[in-house]
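Undergrad: The structure is given below, and queries will be raised subsequently.
The values are calculated or read from the model by the stated rules, or taken from the named source; none is laboratory data. Note that the structure is a prediction, hence the values are computed from the model and not measured. FYI the Cβ positions are ideal-geometry reconstructions off the backbone, even for glycines, and counts take in every protein chain you see. For accessibility, only protein heavy atoms count, side chains too; no ligands or nucleic acids. Shrake-Rupley method; radii C 1.70, N 1.55, O 1.52, S 1.80 Å.
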Amino acid sequence: MDGDECTVGLMAKHMLQGKEFPVFFYGQSYGFCLVETMFISLAYCIGGVNDYSVKLSMLVLWAIGIIFFYKTLRSICRNGSLLPMLVTLLFIFTPAWGAWSMKARGGYLTSFTLTWLITWILFSRNDYKPLICLLLGLLLSITYQSQALWIPGLLPLLVYRFYLSGHRLRNTLLLLLGFTIPFAIFLALPHSPSDFSQAYSLRFSPPAVWEKTATLPHFLFVNFHGFYYLFWTYPPPLANSLFALAFMLCLLGLIVWGIVLILKAPGKSSLYVSLFLAILFTILYVPFIPTNSPRYLLPVSGITLLALGVFLDKVNRKVLSYGLIVPLCAIGAVALFSFKDLQVFGADRSSLLASIKYLQSEKINYVFCPEELLQWQIDFYSNENVIARYYGARTRYPAYTRRVNEAFIAGKRTAVVQLGPEEKFKNLPSVPFGEYRIYADPGRNLLEKAGLVLY
């Protein structure tokens, strides 16, 4: 697991132990994690505190979302149609979710599952009782707090379904009430004692927006092939590239189809227009986010597949449906299998475990990490028997920083653990474990020269 996954895994452990009840991702006032930590805590009770429990519990949460996606399509498509099952299978084989379907990333999978629960509620009924409207508002509020990236794509579908329902004004007001009450509660909740990371605010600088819009096709391609981590991309296998290109063509075709419908007869094609707008809104907010990362486009694949299912149902041509979906599923299956070879930052599990074993054998239980994400991997995989802290003064979890500082000041054995050699420690003996290097007993002067902020 990467460092962010390990953070959520530790949050679940602390909650299970009764130490804390973390609601948001450590160090943030956003990224609602309670659903994910509850799933992981339950998995810990069954399989113990380990990475398998984290990964499998997230896969269960993702699978629940997939079921609601299927039920949404069942509610829209013709009775007896196989399209909902076929498109859902294509969703399962989509490489964009090859890593993310099991990634505890602080709200992403919560928002994924709630999005499809919301769409199922929207499309499974023609009228909405007051409690349903309040429930939809509540689910929207939680989705927003978990990962707001899914909200733009939901808005056109909400407007479309509420417009068709009776009591439009009443339903809208109840929806807003259901959204506002939990939103206010979220604001009042105690957040992390650290303010490590701020939520991104939209940026409306025309040059920056235009520059990001120009790179949008590239980031869509990277998101669809799935071989990336944070802001780093890796060369994708052939099957992943083929799938990503084919998926982009499907996306382009759906956008063209939506434009044609709007120009031709928008009033008679309101469902398809709302799906077109859902795709458009899901894509076009990205250029306004200050930083680029393929993960910000994760909602695009789901909204695209929902629109694809509705389009194929409207066309009602089995040759087209099977001819498009079956080959894509086959390519996607090969692409998913390639994820066994994807190794990202600090993902060499055996070397990390060997490093931790060495530290414990040397009675070194407190370490410093130049890489912020590595500290969480050490904390999690050592089961907090080795406490690691990041170099910087700002930290997601001040308790770890405080414990390492106190141990260092008290004269207990410490070490620096990092990926690759460190030029500043060239005169200090190191013990290598794969890409990891352990520098035992660094002096205070050396640490401060390397950039450590001790207090």
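Undergrad: Ordering Ile409, Ile46, Ile132, Ile259 by how much accessible area each has at a 1.4 Å probe, largest first, what is the list?
TA: Ile46, Ile409, Ile259, Ile132
Undergrad: Across all directions of projection, what mean area in square nanometres is found for the Cα convex hull of segment 379-451?
TA: Mean shadow area of the hull around the Cα atoms is 5.2 nm².
Undergrad: Using +1 on the beta carbon of Lys and Arg, -1 on that of Asp and Glu, and nothing else charged, what's the dipole of segment 296-455 about the Cα centre, debye to 20?
TA: 200 debye
Undergrad: Quick one: angle between helix 318-337 and the longest Cα principal axis of the chain, in degrees between 0 and 90, rounded to 10, please.
TA: 0 degrees
Undergrad: Something else now. Take the cross-link list Lys13/Lys103; Lys426/Lys449; Lys357/Lys424; Lys13/Lys55; Lys71/Lys264; Lys103/Lys340 and give me the ones stretching past 20 Å between alpha-carbons.
TA: With Cα atoms farther than 20 Å apart: Lys357/Lys424; Lys71/Lys264.
Undergrad: So how tilted is helix 130-146 from the main axis of the chain? Cα-based, degrees 0 to 90, rounded to 10.
TA: It works out to around 40 degrees.
Undergrad: Enter the angle in degrees (range 0 to 90, nearest 10) between the Cα long axis of helix 83-92 and the first principal axis of the Cα atoms of the chain, meaning the one along which they spread out most.
TA: Compared with the principal axis, the helix lies near 20 degrees.
Undergrad: Could you work out how far apart the two model spin labels at Trp232 and Leu216 are, taking each label as a point 7 Å from the Cα in the direction of the beta carbon, and quote it in nm?
TA: 2.9 nm
Undergrad: Another question, then. Using a simple spin-label model with points 7 Å from Cα along the Cα→Cβ vector, what separation in nm is obtained for Lys449 and Leu164?
TA: It works out to 7.1 nm between the two label points.
Undergrad: Excluding ligands and nucleic acids, what accessible area in Å² is computed for Val49 using a 1.4 Å probe, to the nearest 10?
TA: 70 Å²
Undergrad: Moving on. When N counts the residues of the chain, how does its alpha-carbon radius of gyration compare numerically with 2.2 N^0.38 Å, as a ratio?
TA: Computed over Cα atoms of the chain, the ratio equals 1.06.
Undergrad: Let me ask you something else. Based solely on its DSSP helices, what 222 nm [θ] is calculated for the chain when runs of n ≥ 4 H residues each add -39,500 (n - 2.57) and the sum is averaged over all residues, nearest 500 deg cm²/dmol?
TA: That comes out to -19500 deg cm²/dmol.
Undergrad: With loop defined by DSSP as not H, G, I, E or B, and exposure as at most 16 other Cβ atoms within 10 Å, which is the longest segment of the chain clear of exposed trypsin sites (Lys or Arg not before Pro)?
TA: Between exposed loop sites, the widest span is 204-316.
Undergrad: Could you tally the net charge around Ser321, taking each other residue with its Cβ under 13 Å from the Cβ of Ser321, Lys/Arg +1 and Asp/Glu -1?
TA: Taking every other residue near Ser321 into account, the sum is +3.
Undergrad: With a 1.4 Å probe and all protein chains in place, put Ser111, Ser270 in order of accessible area, largest first.
TA: The ordering from most to least exposed comes out as Ser270, Ser111.
Undergrad: Also, quick follow-up: If you take every DSSP beta bridge whose two residues both sit in the chain, what share of them, in percent to the nearest 5, is antiparallel?
TA: 65 percent
Undergrad: Kindly write out, for segment 107-121 in residue order, the coupling ³J(HN,Hα) from the Karplus curve 6.51 cos²θ - 1.76 cosθ + 1.60 (θ = phi - 60°), rounded to whole Hz, with x marking Gly and Pro.
TA: Listing the rounded values in order: x, 4, 6, 4, 5, 4, 5, 5, 4, 7, 5, 5, 5, 5, 4 Hz.
Undergrad: Just grab the label-to-label distance for Val209 and Leu252, each label 7 Å out from Cα along the Cβ direction, in nm (one decimal).
TA: The modelled label-to-label distance comes out at 2.5 nm.
Undergrad: Also: Keeping all protein chains in place and using 1.4 angstrom, which order do Phe425, Phe339 fall into by accessible surface area, from largest down?
TA: Ranking Phe425, Phe339 by accessible area, largest first, yields Phe339, Phe425.
Undergrad: Would you mind pulling out the separation of the Cα centroids of segment 367-441 and segment 102-181, in Å?
TA: What the calculation gives is 43 Å, centre to centre.
Undergrad: Per 0.36 nm of contour for each residue apart, how much would the distance between Ile185 and Asp341 grow if the chain were fully extended, relative to their Cα-Cα spacing?
TA: So the chain would gain 51.9 nm between Ile185 and Asp341.
Undergrad: Given the alpha-carbon gyration tensor of segment 37-188, what are the semi-axes of its equivalent ellipsoid in whole angstrom, ordered largest first, with each equal to the square root of 5 times an eigenvalue?
TA: Ellipsoid half-lengths, sorted descending, are 28, 22, 12 Å.
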